[in-house]
Every structure is written in C-alpha cells, then in structure tokens.
Amino acid sequence: MKRCVLFIVLASFALTSRAWAQAPQVSADLRQLLGTWKLLSYVGEEIPSGVRSDVMGPHPSGYLNYGRDGRMMVIIVGSDRKKPAGTVATPEEAEALIRSMLAYAGRYTVDSKAKTVTHHIDVSWDQSRTGESHVRAYKLEAGHLTLVTQASNDPATGRKTVRTLIWERLR
C-alpha cells in the first residue's frame with residue numbers, strides 16, 4: 001500500500017514537473033507589452049505622397065490593454081468631441097460621436113523576432129474590422145510603445161496610409 005501511494009505521488013510529481021518544463025516561456029517583449037497604455041499620438045502618412053496628418057485631431061485620447069490571457073482591447077476617441085445637447089443624442093450627434101472613435105477587442109499574438117503584434121479582432125465598434133487580423137510593427141522604448149500599421153485604406157478617408165500610434169505605459 002505504501003509503495004502504491006509513493007508511486008502515485010512520484011508519478012504525479014514527474015508529470016507535473018514535465019508539464020511545467022514544457023509550458024511556453026513568455027518572451028521579454030510580451031512581458032513588456034502586458035498592461036495598459038495611454039495614447040499620446042496618432043499620425044497617418046499617405047502613400048505615396050508622404051503627407052502626414054493627425055488621424056483623429058491634434059489631441060486624441062485612448063487606451064490599449066494587453067492581458068496575460070492573450071486578449072486585447074483598444075478605444076480611441078478624437079479631439080474636441082461634443083457632448084450631446086440632451087440626455088439622448090440626436091441622430092446627427094450620434095453619427096458625429098461614432099465617426100470620432102474607434103474601438104475593438106480580441107486575441108493578440110506576438111512575433112518577437114519580426115517585432116510584430118497581431119490583433120485578431122472579435123468585435124469592433126462599426127463591424128468593419130470584426131473577423132480581421134491586423135499586424136502592427138512595434139517598438140518598445142523607455143516606457144513607450146510605438147505601433148505602426150501596415151499600409152491600408154484609412155477607414156475615415158479611404159486613402160492608402162500607414163498610421164503610427166505612440167502609447168505611454170500606465171503605472
């Protein structure tokens with residue numbers, strides 16, 4: 001009986017140790033991405049002209065969160081959004097509010113070698129991104145995260161652009 005119990009304990013320990021040793025290691029970049037980031041800047045550059053402009057005005061606001069569970073969320077709102085005059089937005093006010101924001105959430109994956117993070121979008125504010133995967137090049141430096149989109153059509157203007165977002169880590 002004692003041998004049976006001892007065998008079960010040792011077998012359990014061996015299996016647990018092996019599973020722990022085979023658990024995926026979290027990369028240094030992934031550890032640095034985890035947490036909440038506050039938007040500092042959102043600039044678009046038109047292709048091929050190179051014309052640069054503030055995508056959502058000179059002072060957009062927003063937050064980006066990368067969770068340990070492999071899920072992410074982002075919300076960005078433009079500068080100078082106007083609060084509705086009444087308790088319920090008129091159709092015109094509601095349209096202006098929707099046009100001055102973006103938000104989506106889903107899973108994310110990190111490729112530390114390529115220095116990219118891919119947002120696998122499950123839900124988006126206007127359904128235009130739902131079901132898509134968006135690759136962003138990233139750079140981590142001194143408490144800041146820079147994300148650069150691939151060249152794509154800007155949802156607001158339809159022009160081909162590359163967008164650069166600079167985020168600051170929240171503590």
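Scanning the range 39-53 for residues that are without any contact (Cβ under 8 Å) to a residue 40 or more places away in the chain, open to solvent by less than 80 Å² (accessible area, probe 1.4 Å) and either within 18 Å of residue 146 (Cβ to Cβ) or in contact with a helix residue (DSSP H, G or I) (Cβ under 7 Å, 6 or more places away or on another chain) (or both) turns up just one, 53. Among the residues of the range 86-110, those that are open to solvent by less than 30 Å² (accessible area, probe 1.4 Å) and under 25 Å from residue 53 (Cα atoms) comprise 100, 102, 103, 104. Taking first residues from the range 144-171 that are free of Cβ contacts under 8 Å to residues at least 60 places away in the same chain and within 14 Å of residue 37 (Cβ to Cβ) and partners that are open to solvent by 80 Å² or more (accessible area, probe 1.4 Å) and basic (Lys, Arg), the Cβ contacts under 6 Å between residues at least 6 apart in sequence or on separate chains come to 146/139. For the range 145-171, what are the residues that are exposed (fewer than 14 other Cβ atoms within 10 Å of the Cβ) and under 14 Å from residue 40 (Cα atoms)? Of everything in the range 145-171, just one residue is exposed (fewer than 14 other Cβ atoms within 10 Å of the Cβ) and under 14 Å from residue 40 (Cα atoms), namely 170.
Based on this model, can you work out whether residue 148 counts as farther than 16 Å from residue 76 by Cα and of a type in the set (A, V, I, L, M)? In short, no. Can we say residue 106 is touching a residue at least 12 places away in the same chain (Cβ under 8 Å), farther than 16 Å from residue 42 by Cβ and not aliphatic (A, V, I, L, M)? In short, yes.
Out of 83, 139, 113, one residue alone is more than 27 Å from residue 32 (Cβ to Cβ) and either exposed (fewer than 14 other Cβ atoms within 10 Å of the Cβ) or of a type in the set (S, T, N, Q) (or both). It is 83.
The values are calculated or read from the model by the stated rules, or taken from the named source; none is laboratory data. Keep in mind that what you see is a predicted model, and the values were worked out from it rather than measured. Neighbour counts run over all protein chains shown; Cβ positions are idealised from the backbone, glycine included. To get the accessible areas, we keep the full protein, side chains included, count just its heavy atoms, and leave off ligands, DNA and RNA. Shrake-Rupley method; radii C 1.70, N 1.55, O 1.52, S 1.80 Å.
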